[in-house]
Amino acid sequence: MSLLTDFQSYADAQAQFSPAKLWELFDGDRESFNIAHECVDRHAVKDKEALIVVHAEGADESVTYAELAADSSRFAHYLESQGVQRGDRVAIMLEPSRAFYTAMFGVIKRGAIAVPMFTLFGPDGIRLRVNDCKPALLVTNTQKAEDAQAGNSSVPIQVYDTGFADSLQLLPTRYKVDSRADDMAVFQYTSGTTRELPEAVKHTHRALVTLMVAALYGTGLRPGDRFFCPSSPAWGHGLWHGTLAPLALGLTVGAYSGRFNPVRLIQALSKHRFTNMSAAATHYRMIKNCGEAERYPCFFDKLSFTGEPIDDDTADFLQRTYGLEVCSMYGTTEIGVVLANYPGAKDFPVKRGSLGKAVPGTRVEVHDADGHVCPVGVTGQLVVWRRNEWVPTKDLGRIDEDGYLYHGGRADDVIISAGWTMSAVEIENVMLMHPDVLEAAAIGVPDELRGQVVKGFVVSRREGSDAFVTELQELVRNKLSQHEYPRHVVFVPELPKTPAGKVHRKVLREREAVLRAAHA
């Protein structure tokens, strides 16, 4: 019997795919299905390497499937001994490490619900999420224990330190899982500020089956890949695409722990001979900007990105350095991946700047404000056909004559100036073409005459000056249009980013509002 993983081409993806064939990639079925079994236990043969955790400071950490299976079973027994019941939530605030994966899969084995939490949350961010999901236990490390205690008054806290790890060794190494495909397994909070609680997306065990669409056609995962994702598993891309999907296929998976250092990353990519990487556009841009990539030979045959568009200069760098066109995949935490460029499919031409085409079994269109399909080249709302209705993605896009879709920015990142509609993403992409620009962001700021004008924020090693501002403005004028340029430009040491690595325009808008209020 042929499996979907046996096929690589775009033509086969269209001809061979069916939802039923996704289930053939797993042991379980709708009556009995557990993410921890599918990702860990069924691959627990002797010495098969599951994880390589690259620590920003310190040595790399390697964990086999057999070790992870035993550790997570011990943790499940620990939870049972503490009275954690099936369906209880367990918050896990740990950096990627053997401890994090032990706890996460142990929670899922127990039949409880894992709630990954970003380690940079302070007491306010912790309190919002704890009050929302009401966990039976919060697992963290010594460094975050004080913040965890300040962030809640009633939830028990387990510090995962050396002593606790040693105590787990006394517990049994096997745990019988008992869950159905439709039982809850993971609560995932989307990125947001500590002042506003983002939505918790609730995933069942069967979400792993649906996830394989993104794995096969968004990141191009196939047996034999050595896969790396530097995004934090506290967020959707790092957990689902970067961790669960490749482990479910029995691959060796790389993760990054600690403050991001592009040189440290490319050293590890070379040393461990990773062949497939999926990252945020910012990660690739930082690899380019570090100037060290050519010193460390890599062995990639597939590269993909998500979260935000990649600029042409970075895409050129990746093509020049690794001989590959980096492939976009697009989706949201709520709807999953719906557009892809099919990494590894030699019969799928990658169009620079596009989001690709719909993944098998999915319909994606561009609609205007009245719900009508937009003509080729006209920007509108990206919508996905789900449960017999068109669901808005809250993103803008357009389609070309060949059926490729292009991102037009978040709906709330549109800038309307003197009646002209402009995309912050397109303006940023052009500013990044300037050889002295390392990072760039654009937002709309109030203007008495035009309603809004564009304000650009630039990170550069070159000192800011009027001449530099003029160069940027002329570049955007020439590449886009005469009216579509940043009338204000400021030079900053760094840009605010979401935990997923995307430029956080909302923070920039909030800062601008505070500045304007102070000068009113």
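The values are calculated or read from the model by the stated rules, or taken from the named source; none is laboratory data. Since this is a predicted model, take the numbers as computed values, not measurements. Note: ideal-geometry Cβ built from the backbone for every residue, glycine included; neighbour counts use all protein chains shown. Quick note on the areas: whole protein, heavy atoms, side chains included, nothing else; ligands and nucleic acids left out. Shrake-Rupley method; radii C 1.70, N 1.55, O 1.52, S 1.80 Å.
For region 77-88, take each phi angle, set θ = phi - 60°, evaluate the Karplus expression 6.51 cos²θ - 1.76 cosθ + 1.60, and give the result in whole Hz per residue in order, putting x for glycine and proline.
Working through the residues one at a time gives 4, 4, 4, 4, 5, 8, x, 6, 9, 4, x, 5 Hz.
Dipole magnitude of the chain about its Cα centre, charges +1 at Lys/Arg Cβ and -1 at Asp/Glu Cβ only, in debye to the nearest 20?
660 debye
In straight Cα distance, which aspartates and glutamates are under 12 Å from LYS144, not counting same-chain residues fewer than 8 positions off?
The qualifying aspartates and glutamates are GLU95, ASP161.
Using the Karplus curve 6.51 cos²θ - 1.76 cosθ + 1.60 with θ = phi - 60°, work out ³J(HN,Hα) for each residue of region 428-437 in order, rounded to whole Hz, and write x for Gly and Pro.
For region 428-437, the Karplus curve yields 4, 4, 6, 4, 5, 6, 5, x, 9, 9 Hz.
For a quick check of your reading of the filter: which trypsin sites (Lys or Arg not before Pro) in region 233-284 sit in a DSSP loop and have no more than 16 other Cβ atoms within 10 Å?
ARG259, ARG273
What is the set of long-range amide H partners of GLN452 at a cut-off below 5 Å, with H atoms built 1.01 Å from backbone N?
ALA418, ASP447
Give the cross-link partners of LYS134 among the aspartates and glutamates, using a straight C-alpha distance below 13 Å as the criterion and excluding same-chain residues fewer than 8 apart.
The qualifying aspartates and glutamates are ASP88.
Kindly sort PHE7, PHE317 by accessible area of their heavy atoms, largest first, with the probe set to 1.4 Å.
Details: PHE7 45, PHE317 15 Å².
Ranking PHE7, PHE317 by accessible area, largest first, yields PHE7, PHE317.
For a quick protection proxy, order the peptides 86-98, 385-397 by their average other-Cβ count within 10 Å, most packed first.
86-98, 385-397
Under 5 Å between amide H atoms, partner at least 5 residues away or on a different chain: which partners does GLN158 have, H built in plane at 1.01 Å?
Residues meeting the amide H criterion: LEU138, VAL139, THR140.
Quick check on region 130-210: of the DSSP beta bridges with both residues there, what percent are antiparallel, nearest 5%?
60 percent
What FRET efficiency comes out for VAL263 versus THR321 if R0 is 22 angstrom and r is the Cβ-Cβ distance? Round to the nearest 0.05. Mind showing how you got there, number by number?
Working: r = 14 Å, r/R0 = 0.65.
The calculated FRET efficiency here is 0.95.
Give me a comma-separated list of calculated 3J(HN,Hα) values for region 449-466, in order, Karplus coefficients 6.51, -1.76, 1.60 applied at θ = phi - 60°, integers in Hz, x for any Gly or Pro.
Karplus values, whole Hz, x for Gly and Pro: 7, 9, x, 9, 10, 7, 10, x, 10, 10, 9, 8, 7, 6, 5, x, 7, 4.
Quick one: work out the % antiparallel among DSSP beta bridges in the chain, nearest 5. Let's see the in-between values first.
Values: 47 of 81 bridges.
Here the share of antiparallel DSSP bridges comes out near 60 percent.
With a probe of 1.4 Å, find how much accessible area the chain has per residue, and write the answer as a whole number in Å².
43 Å²
So which trypsin sites (Lys or Arg not before Pro) in region 198-258 pass both tests, a DSSP loop state and at most 16 other Cβ atoms within 10 Å of the Cβ?
Answer by residue number: there is no such site.
Dividing the convex hull volume of the Cα atoms of the chain by its residue count, what figure in Å³ per residue is obtained? Numbers along the way, then the final one.
Working: hull volume 83.5 nm³, N = 520.
Roughly 161 Å³ of hull volume per residue.
Rounded to the nearest 500, what is the 222 nm mean residue ellipticity of the chain from helices alone, with -39500 (n - 2.57) per DSSP H run of 4+ residues and division by all residues?
So the calculated ellipticity at 222 nm is -8500 deg cm²/dmol.
What are the extents of the Cα atoms of region 281-347 along their three principal axes, in Å, largest first?
39, 26, 18
Given the pairs LYS351/LYS502; LYS48/LYS271; LYS109/LYS394, which are separated by over 25 angstrom at their Cα positions?
Cα-Cα > 25 Å for LYS109/LYS394; rest within.
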